[in-house]
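Undergrad: Dropping a structure here in structure tokens format, bear with me for questions.
The values are calculated or read from the model by the stated rules, or taken from the named source; none is laboratory data. Just so we're clear, the structure is a prediction, and the values are computed from it rather than from any experiment. Note that we place each Cβ from the backbone using ideal geometry, even for glycine, and neighbour counts take in every protein chain shown.
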Amino acid sequence: MFGESWPKTKLLLLVLIIVSAFCSSIGASENLLRNGDLEGEDISEFTLVLNEGTYNLSVYTEELSWNRCAKLEIIDYGISNGAKVVNTALLIGGARGNVGQDGSGATRVKPNTTYEFSFEMKGSINSTGSITVFTWPEVGQGYYNGRELLNTSLAPGRVKVQPDWVQYRGTFTTGPNANTAVLRIPIYCNENDGGLTEKPGTYLLVDSVQISEKASGYNGNEECAFLVSKADPTADFSVPLSPQSFEVLDEISVFASMGEYESLPIIITNLTDSTEAYRVIIYGEEIKGIEQKNLIETYGDVFPGEAITMREAIRVKDSDSPGYGLRFDPLPLMNSGHTITVPPHDSSLVWVTFDCKDVFPGDYFGFLRVIPLSQPAEYKVEYFGSMQDIPLKLTIWPIELPQEPPIPLCLLQRADNANFFEDMFEHHVRYFQVNSWGAAANFNDDGSIKKPVLMPHFHDHINQVKWFPEGSNAKLWVGYSIYDIFEEVYSENRFAFGSETWENAWVSWLKEIDAALLKHGLSYSDYVVELFDEPELENNFEKVLLVCKVAKEAIPQMQLQLIIGWPSRSPEIYEPLIPYVDNWCFQDCHWNTEENAAYFRDLQKQGKEVWFYTCQTSMRESLYRYYRLHAWKAYARNLDGMVMWTYILGPGGDIGSGTWKIASKGPLVYRSYEEPIPSIRYECLREGLDDIKYLAKLKYLHCFAKKELPEHKLTQEVEVFLNSAPEDVIIHYAHDKTFADVVRHKAAKYIIELQNLLGKQ
């Protein structure tokens, strides 16, 4: 799903678009709706299914923009089995009145075909149901006869309606008998089933509806042998890629700050009937026919070629379910020849990363060169043949981003070696796991530990600190669920819970862990110890409470953590635990209520750290909302840490991306022997952490501006921006995949302006 909610005129300036040197236009697929923009009075393609209740559907003109759209308004409740209800659905493309007649208002579709749809929506209605599709085998059967309900990529699940325009995108695939179709947006509530979430007077506005056959990836132009496209890092990289989703442009522009890693996904589409190999390079200039790797800045500076990394995306299964698809996700380094092979009438993906450390600000110029290796060519004084040279401009803003992220990231895994550590650190990971499985111990019958205690693997894990750069905020995370490991593995449930011997054993083992950590020169602020991972507090509260109490009283300085899964009760359940737990990590779903959010803010006021985590790291999760906005959620909530499960699995670990054959089930990184291979999901996660670095930098400068120039217009304008941007990104414009970039660019503009303003003082 894809969303766009910025004003339409501004949005056009921000679309990341396709590049082609040979083809002037790729051509957008035809909209199957005649009047999806509601610019005329014709509203026949928009119809209500009137069930219980009274509703009005009309063409509506917004006062400020003069934009015309469809408006559905709830006039009054209906009654069903004695209960008040709102129960209707907006049908787009056909309706009960014309599908069963001559089909003039229906959307004609093909059997066994995938369609893309998009529409803009806003309103005061709370939410809609799942966005679905009805199809019919033929015109003239009637609305209720022979229809088939199809899920779309926006189903299942309710869609929250926002007060500002949001664009929704999705797909659906017709069955073997489909002839006509309608897009269905339902609205439902019942006072006896979930309550009256809607009320009379509320409304829904819908505009810019498009339904079109999904492009095959090329336009059939025989003169155009291949296409080169630029995509957003959070685009849909499912197979096949569809370059027709983008607009045509004749150059590539990339923007970054000093110290940032910036991604540039490039799509190569083969329009021929044969498999083709392409050489893909980035260069700054040619000297006697040899490409030079460095990009050239106007005043003679260079962006070093060594700081440009090119990776070839690999197709893997996105799931192990029967209905799995293929998706580009692993990003191994390209071969030394920088070549990529593309099947006929298909696309492949090259992922370019610019490492902007230690470079001067300015505009760096060069070219993206793509050469089909089997096409005719000749070389006399210069090259002639089917080669594309696309101008590339890399703009480095005069902004030095902080090295340390404003909120640390933990991926709940250690670094196996220096390569893994460097990779994790460059992706802003700042908590590294010490696996408590290595804290081996044997116990006497009285609960004391037999000496000597041998914990070589535990010390090896702690020794990750040798890689910590000086001045970094890197720390250790000791887990998973060390109490469960103590009880089930090392003490083997020998001691009656709550007994004196149990307490002696638990405290003795915990002190051995503490001593091992302190032996490496760590302080208590350098690590956190996770006692339980998602404990079932509903059934085990007294046990969890006693374990935490004994641990805190034995070693008061040790920072103790609980990771809390799906909420089962109100937050007051945690109250008895508060004196003994220093760090609270809640699953993302806990922020669904303001009651919980207020309680977590109160925990912070009491000196506790509050983190959040997610663990559904499937390839099917939204690259934008799930991965890029992960850091935004932590920032908007003013949290102390963020967690995503997990970094990598492989030898000795669970199935997942360690094998590549099994679809990724948690790991963000693939393993190749002892080398990490990043995923697209992993890169999108880093994009979000870079985003909040911009906000942190701006906030830092704004503090000075408030002291020096509190009444200045720019100071006041930046304050409004800082207060509104996080919530706008994760709530109001969460479906708009361009909006995080909009905010980043605006933050960069403000940073530069404040730097100039304060520099004059």
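Undergrad: Confirm whether GLN561 is closer than 23 Å to PRO408 by Cβ, of a type in the set (S, T, N, Q), surrounded by 21 or more Cβ atoms within 10 Å (Cβ to Cβ) and touching a Phe, Trp or Tyr at 6+ places or on another chain (Cβ under 9 Å).
TA: yes
Undergrad: Please list, ordered by residue number, the strands (runs of 3 or more DSSP E) wholly in region 120-189 having 2 or more residues that are in contact (Cβ under 8 Å) with a residue 40 or more places away in the chain.
TA: Of the strands (runs of 3 or more DSSP E) lying wholly inside region 120-189, those with at least 2 residues that are in contact (Cβ under 8 Å) with a residue 40 or more places away in the chain span 132-136, 166-173.
Undergrad: Which ones in region 32-57 are hydroxyl-bearing (Ser, Thr, Tyr) and either within 24 Å of SER212 (Cβ to Cβ) or loosely packed, with under 14 Cβ neighbours inside 10 Å (or both)?
TA: SER44, THR47
Undergrad: To continue, here is another question. Residues in region 681-688: is at least one closer than 16 Å to PRO406 by Cβ, hydroxyl-bearing (Ser, Thr, Tyr) and crowded, with 21+ Cβ neighbours inside 10 Å?
TA: no
Undergrad: Kindly indicate the residue of region 576-594 that is within 13 Å of CYS548 (Cα to Cα) and not hydroxyl-bearing (Ser, Thr, Tyr) and also nearest to the chain's Cα centre (by Cα) among those meeting that condition.
TA: Applying the filter and picking the extreme gives TRP584.
Undergrad: State which residue is farthest from ILE692 (Cα to Cα) when the search covers only region 261-310 and only residues that are hydroxyl-bearing (Ser, Thr, Tyr) and outside any loop (DSSP other than H, G, I, E, B).
TA: Among residues in region 261-310 that are hydroxyl-bearing (Ser, Thr, Tyr) and outside any loop (DSSP other than H, G, I, E, B), the one farthest from ILE692 (Cα to Cα) is TYR278.
Undergrad: Regarding TRP397, is this residue of a type in the set (A, V, I, L, M, F, W, C), over 19 Å from the mean Cα position of the chain (by Cα) and surrounded by 20 or more Cβ atoms within 10 Å (Cβ to Cβ)?
TA: Yes; evaluated as a whole, the condition is true for this residue.
Undergrad: Now for a different question. Looking at LYS697, LYS706, LYS693, can you tell me which residue is in a helix (DSSP H, G or I) and over 30 Å from LEU412 (Cβ atoms)?
TA: LYS706
Undergrad: Can you work out which of the residues in region 545-557 that are among the aliphatic types (A, V, I, L, M) and surrounded by fewer than 21 Cβ atoms within 10 Å (Cβ to Cβ) is nearest to LEU517 (Cα to Cα)?
TA: ILE555
Undergrad: Moving on to the next point. Taking the residues in region 631-662 that are closer than 29 Å to ASN417 by Cβ, small (Gly, Ala, Ser) and at pLDDT 85 or above as candidates, determine which candidate is surrounded by the most Cβ atoms within 10 Å (Cβ to Cβ).
TA: Among residues in region 631-662 that are closer than 29 Å to ASN417 by Cβ, small (Gly, Ala, Ser) and at pLDDT 85 or above, the one surrounded by the most Cβ atoms within 10 Å (Cβ to Cβ) is ALA634.
Undergrad: Take region 190-199 and flag every residue that is buried (at least 19 other Cβ atoms within 10 Å of the Cβ) and either on the phi > 0 side of the Ramachandran plot or free of Cβ contacts under 8 Å to residues at least 12 places away in the same chain (or both).
TA: Answer for region 190-199, where residues must be buried (at least 19 other Cβ atoms within 10 Å of the Cβ) and either on the phi > 0 side of the Ramachandran plot or free of Cβ contacts under 8 Å to residues at least 12 places away in the same chain (or both): there is none.
Undergrad: May I pose another question? Does region 562-572 contain at least one residue that is over 27 Å from GLU727 (Cβ atoms) and within 28 Å of the chain's Cα centre (by Cα)?
TA: Checked region 562-572: at least one residue is over 27 Å from GLU727 (Cβ atoms) and within 28 Å of the chain's Cα centre (by Cα).
This table checks each residue for (1) among the basic types (Lys, Arg); (2) under 25 Å from the mean Cα position of the chain (by Cα); (3) modelled with pLDDT of 95 or more; (4) part of a helix (DSSP H, G or I).
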position	(1), (2), (3), (4)
HIS702	no, no, yes, yes
LEU714	no, no, yes, yes
ALA725	no, yes, yes, yes
LYS749	yes, yes, yes, yes
GLN755	no, no, yes, yes
LEU758	no, no, no, yes
GLN761	no, no, no, no
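Undergrad: Within region 584-597, identify whether any single residue is small (Gly, Ala, Ser), at pLDDT below 95 and either within 27 Å of MET558 (Cα to Cα) or crowded, with 21+ Cβ neighbours inside 10 Å (or both), and answer yes or no.
TA: So far as region 584-597 goes, yes, one or more of its residues are small (Gly, Ala, Ser), at pLDDT below 95 and either within 27 Å of MET558 (Cα to Cα) or crowded, with 21+ Cβ neighbours inside 10 Å (or both).
Undergrad: Shifting gears a bit: Can you report the number of residues in region 136-170 which are buried (at least 16 other Cβ atoms within 10 Å of the Cβ), over 26 Å from THR202 (Cβ atoms) and at pLDDT 75 or above?
TA: Total satisfying the criteria: 5.
Undergrad: Further, regarding this structure: Here are the criteria: (1) of a type in the set (S, T, N, Q); (2) in contact with a Lys or Arg (Cβ under 7 Å, 6 or more places away or on another chain); (3) at pLDDT below 95. Tell me which single one THR298 does not satisfy.
TA: (2)
Undergrad: Would you please list the contacts, defined by Cβ atoms under 7 Å and residues six or more apart or on different chains, that run from a residue in region 444-456 that is within 24 Å of PHE497 (Cβ to Cβ) and assigned to a loop (DSSP other than H, G, I, E, B) to a residue that is aliphatic (A, V, I, L, M) and modelled with pLDDT under 95?
TA: Correct list of pairs: VAL453/ALA441.
Undergrad: Also, I was wondering about something else. Every residue in region 601-630 that is under 15 Å from LYS737 (Cα atoms) and surrounded by 18 or more Cβ atoms within 10 Å (Cβ to Cβ), please.
TA: Across region 601-630, the qualifying residues are SER622, LEU623, TYR624, ARG625, TYR626, TYR627, ARG628, LEU629, HIS630.
Undergrad: Sticking with this one: Checking ARG620 against (1) closer than 17 Å to ILE731 by Cβ; (2) under 18 Å from the mean Cα position of the chain (by Cα), which test does it fail?
TA: Unmet condition: (1).
Undergrad: Follow-up question, since we're still on this one. Testing GLN604 on (1) modelled with pLDDT of 90 or more; (2) touching a helix residue (DSSP H, G or I) at 6+ places or on another chain (Cβ under 8 Å); (3) part of a helix (DSSP H, G or I), one condition comes back false. Which one is that?
TA: Condition not satisfied by GLN604: (2).
Undergrad: Just to be sure I understand, how many residues within region 168-190 are of a type in the set (Gly, Ala, Ser), closer than 23 Å to GLU120 by Cα and more than 28 Å from the chain's Cα centre (by Cα)?
TA: 1
Undergrad: Could you please let me know if HIS745 is in contact (Cβ under 8 Å) with a residue 60 or more places away in the chain, in a helix (DSSP H, G or I) and not small (Gly, Ala, Ser)?
TA: yes
Undergrad: Hey, another quick one. Counting just the residues of region 423-476 that are closer than 30 Å to SER679 by Cβ and among the polar types (S, T, N, Q), which one comes out farthest from the chain's Cα centre (by Cα)?
TA: ASN463
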